[in-house]
1. Could you state the accessible area per residue of chain B in Å², with a 1.4 Å probe and every protein chain left in place?
2. Roughly how big is segment B:182-334's charge dipole about its Cα centre, with Cβ charges of +1 (Lys, Arg) and -1 (Asp, Glu), in debye to the nearest 20?
3. Would you count, across segment B:4-175, every pair of lysines whose alpha carbons are under 17 angstrom apart, provided the pair is eight or more residues apart or spans two chains?
4. Just to verify a number: FRET efficiency for A:Arg297 and A:Lys242, C-beta to C-beta distance, R0 = 51 Å, to 0.05?
5. How big is the A/B interface in buried accessible area, both sides summed, 1.4 Å probe, to the nearest 100 Å²?
6. To the nearest 20 debye, what charge dipole does chain B have about its Cα centre, counting +1 at the Cβ of each Lys and Arg and -1 at the Cβ of each Asp and Glu?
7. Just tell me how shielded A:186-192 is by partners: mean number of partner chain Cβ atoms within 10 Å of each residue's Cβ, no decimals.
8. By Cβ position, which chain A residue lies least far from the axis that rotates chain A onto chain B, and what is the distance to the nearest whole angstrom?
2 protein chains.
Amino acid sequence: MTKHFGDASVKFENPPVIISAAAIVGPKEGEGPLAALFDKISDDILFGKDTWEQAESELMRQTVELCVQKSGLSAGDVQYILAGDLLNQNSGSIYGARSFERPFFGLFGACSAMGMAMSLGSMLIDGGFANYVVASASSHFCGAEKTFRFPLELGTQRAPTASWTVTGDGAVLISATGRGPKITAATTGAIVDLGQKDVNNMGAAMVPAAADVIAKHFRDLNLPHDYYDVIATGDLGMYGLKLLKQMLSQDGFTAVERVNDCGLLIFDTQKQDVHAGGSGCGCSASVFASYFIKKLRDGEIKRMLFVPTGALHSVVTIQQGETIPGIAHAVAVEG
Amino acid sequence: MTKHFGDASVKFENPPVIISAAAIVGPKEGEGPLAALFDKISDDILFGKDTWEQAESELMRQTVELCVQKSGLSAGDVQYILAGDLLNQNSGSIYGARSFERPFFGLFGACSAMGMAMSLGSMLIDGGFANYVVASASSHFCGAEKTFRFPLELGTQRAPTASWTVTGDGAVLISATGRGPKITAATTGAIVDLGQKDVNNMGAAMVPAAADVIAKHFRDLNLPHDYYDVIATGDLGMYGLKLLKQMLSQDGFTAVERVNDCGLLIFDTQKQDVHAGGSGCGCSASVFASYFIKKLRDGEIKRMLFVPTGALHSVVTIQQGETIPGIAHAVAVEG
């Protein structure tokens, strides 16, 4: 166990390299502040398909295909695809990955999926089990509303603390060698549940898990609080981010001004009527695979801690009176 | 990529050791032929809880706790818990793992979950990222019927090719060192879909994936067909197993008589009215963690290939006319 540090962290001996990244999003995301950075903006929310679930699978398939294509490799060169999404039985990833015919690991961590996929993918590479893996996470606004909330046709009013599920997929191709930002360390989150029950405020449900994994990351690896230029959480939204900063401050974390949230970057929360901000597995994944990957490549960001966060409830557990367990995984990326 | 062989296989340099295993099941499984081998048989299908979903989580929690306890370790010694189940958003594993407060990877591969958990867990250990991991997979008959089929109260007649979801959890504690059967190799399955649409015949949907991963395993690692004493598939059931043997024979596989199915071992298909046999993530997991682990420890089986299989559809995708994608993961265990 030479690469394990502290309670929950690993440092990679030969840091895996992100040699390619792709992000494809839907129309609403294409009207947001990151529009110029996405590889493709579909003006069709159905991505040419008949249903929202098929649309998400097609979005996933296109994004993974493009990510591999941009690297100059072909799907056959990839040893493993690791992918997650929000739909029941991971339908978005599974039907999307089907055509690649590559070894496949389906992951469920709700909106923390990209953190899981990048952490596990990096371990497979640094462990000597693969040269190339693809990590992907997707979500679709309509599919998520149908799965977790109300029929869209009802036009149900949204709570101010509710977030807007991103229609998007972000994929990265992680390699044992090559040029690009490197994944240097990862801290794997535990399930943290402080008893929050409000599904219209998932930010609050995920904050304790985010605070926990960030604290463990710095403690396990004995890093100064200002080590990273940016700490980017998954999708806490504006209220969640505020709470996280409070929690971190109370715990003595001295670099809270460096913490930002992917859910606040992908939409203009003033103009786009998304309430608390963006969410969904595809939110942090597509923001990382467009905005952050560019900043890392350009040297604008030298080191970042990417912390996708997930709310792990289901409709059934909530209807049974259960609370919302949260989880977050931290992935360190250096340019 | 020193440990990768062929298309989809890895061989472990320092084969991880299964130092502990536990299997807990429900009343019907406790009336089957493996009754004497389970650690605990609950006569309460609700495991003391109010709902089937809570029952599955409690079953998972108890099994993981017992597995760790039997090793003489405590949960705090475990670096990662990897777990999967069939419920929407992996509720069985998530609410079950919550109280352990350990780094957690949620996996979705339907009934192939135990294969994923053991493969990834072994990679984390042999890769130097952990000393101890727990791999777990669970299912609950009532929760699965509710999620995928009809309300139990309807008493809907079952098709002859339908299987009976096992109420059970199997967990193993995999270690970098110690005494016990060793995980020597793993072949990770791709999604295989030959167009089967009948959700009452999931065995047939999973057979092509099982045949594919078994063929790759022998080819990648250049093994003689009689290398393993037993090849135990996840839960193809009696019709699926027959089909698999046909497919393997047609492909020139010369050791078909060594292939058996966990779904046929856990129930007495003549007396227990389970039609095609047992299924569910907890089927192969609990059979492995009771019946096979004992035979491996006793030397009755020297080498086995454990091949949990999964049908990756959801109710929504089937209602939309989609086919059932299958997957299977092969894990080599030597006594």
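The values are calculated or read from the model by the stated rules, or taken from the named source; none is laboratory data. Since the model is a prediction, treat every value here as computed from it, not as a measurement. Cβ coordinates were reconstructed from backbone atoms using ideal geometry, including for glycine residues, and neighbour counts include every protein chain displayed. Calculation scope for accessible area: heavy atoms of the full protein, side chains included, ligands and nucleic acids excluded. Shrake-Rupley method; radii C 1.70, N 1.55, O 1.52, S 1.80 Å.
1. 32 Å²
2. Value, rounded to 20: 300 debye.
3. Final tally of qualifying lysine pairs is 4.
4. Computed FRET efficiency for A:Arg297 and A:Lys242 comes out at 0.95.
5. When A and B are taken together, about 5300 Å² of accessible area is lost.
6. Computed charge dipole of chain B: roughly 540 debye.
7. 6
8. A:Gly127, 1
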